[in-house]
Amino acid sequence: MHDSFDLTTVIFALLAVFVVWKLRSVLGSRTGNERPPIDPFQGPRRHDDSPAGAPSGAGTDDGKVIRLPGAAMEPVAAPPARRNSDPERWKGLAEAGSKAWTGLDGLAAADPSFTGSGFLAGARAAYEMIVTAFARGDSEALKPLLAPDVFESFAQAINERKQRGDRVETTFVSIDRVTAEDVQLRGSMAHITLRFLSKMITVTYDRTGAVIEGPPGRVADMVDVWTFARDTSSRDPNWKLVATETGH
């Protein structure tokens with residue numbers, strides 16, 4: 001990715017135009033503070049504080065996280081020259097001197113085309129696209145944006161919701177802040193964990209049209225921690241969602 005012409009940003013933008021065009025009639029809502037707008041890893045409980053239409057945990061301890069297979073990833077080590085080249089190189093994405101800041105230096109060393117601005121723009125677009133597509137139940141729109149195991153869980157949640165006849169509408173109010181919490185590199189695979197702070201309205205209806213979750217019009221503050229991954233040795237510039245977790 002280059003500051004003047006970032007291929008990943010262009011691809012994300014094109015995807016965004018396509019998905020928004022397909023999903024324009026699907027904007028919807030969900031209530032409940034600090035809960036992910038998409039939580040297909042938590043068992044369905046009706047008329048309480050959990051999202052409707054979600055299968056049980058996908059092999060995780062708390063039912064809210066999809067973990068990557070394999071050994072734990074090592075933090076990215078950055079060459080000093082790259083780390084000190086520009087004091088504001090990751091401004092807006094990570095706090096100077098933080099672990100994430102150092103990790104971004106290491107990622108940029110492994111992939112010189114990486115830019116914080118390009119990645120951040122793409123991640124914001126992907127976040128809204130994924131949330132909106134999940135609300136619509138559009139598996140085809142989700143598939144190119146998700147890792148296979150994440151897609152499987154999302155697709156299962158969508159299918160179960162359809163079988164019950166439930167319908168979800170999600171309306172984005174704003175994405176207030178996106179920050180990098182962690183950056184890791186295992187071999188050529190890079191992983192960036194982002195914390196999204198957003199506001200949205202979500203309402204779930206049953207097959208009769210009755211509201212079973214989320215009063216219409218109520219704006220909820222959402223906190224989501226998502227991890228995106230990309231093979232830095234690949235010509236494919238796209239990042240995919242590989243893990244989601246409820247934020248605090």
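Scanning region 103-123 for residues that are touching a residue at least 60 places away in the same chain (Cβ under 8 Å) and in a helix (DSSP H, G or I) yields Gly103, Leu104, Gly106, Leu107, Ala110, Ser117, Gly118, Phe119, Ala121, Gly122, Ala123. Within region 187-225, the residues that satisfy the criterion of being in contact with a Leu (Cβ under 9 Å, 6 or more places away or on another chain) and of a type outside the set (A, V, I, L, M) are His191, Asp221, Asp224. For region 188-210, the condition of being of a type outside the set (Lys, Arg), assigned to a strand (DSSP E or B), more than 21 Å from the chain's Cα centre (by Cα) and at negative phi holds for at least one residue. Can you say whether Val211 is surrounded by fewer than 15 Cβ atoms within 10 Å (Cβ to Cβ), over 25 Å from Arg89 (Cβ atoms) and of a type in the set (A, V, I, L, M), as far as the supplied structure shows? Yes. The lone criterion from (1) among the β-branched types (Val, Ile, Thr); (2) part of a strand (DSSP E or B); (3) surrounded by 21 or more Cβ atoms within 10 Å (Cβ to Cβ) left unmet by Ile158 is number (2).
Condition test on Ala135, is it crowded, with 17+ Cβ neighbours inside 10 Å, small (Gly, Ala, Ser) and within 30 Å of Ser233 (Cβ to Cβ)? So Ala135 does not fit the description; no. Of all residues in region 161-187, those being in contact with a Gly (Cβ under 7 Å, 6 or more places away or on another chain), farther than 22 Å from Leu104 by Cα and assigned to a strand (DSSP E or B) number 4. When we screen Phe114, Phe119 for residues that are of a type in the set (Phe, Trp, Tyr), at pLDDT 90 or above, crowded, with 17+ Cβ neighbours inside 10 Å and out of contact with any helix residue (DSSP H, G or I) (no Cβ under 6 Å at 6 or more places or on another chain), the only hit is Phe119.
The values are calculated or read from the model by the stated rules, or taken from the named source; none is laboratory data. Every value quoted in this text rests on a predicted model; they were computed, and no experiment measured them. As a convention, Cβ positions derive from the backbone with ideal geometry for all residues, glycine included, and neighbour counts pool all protein chains shown.
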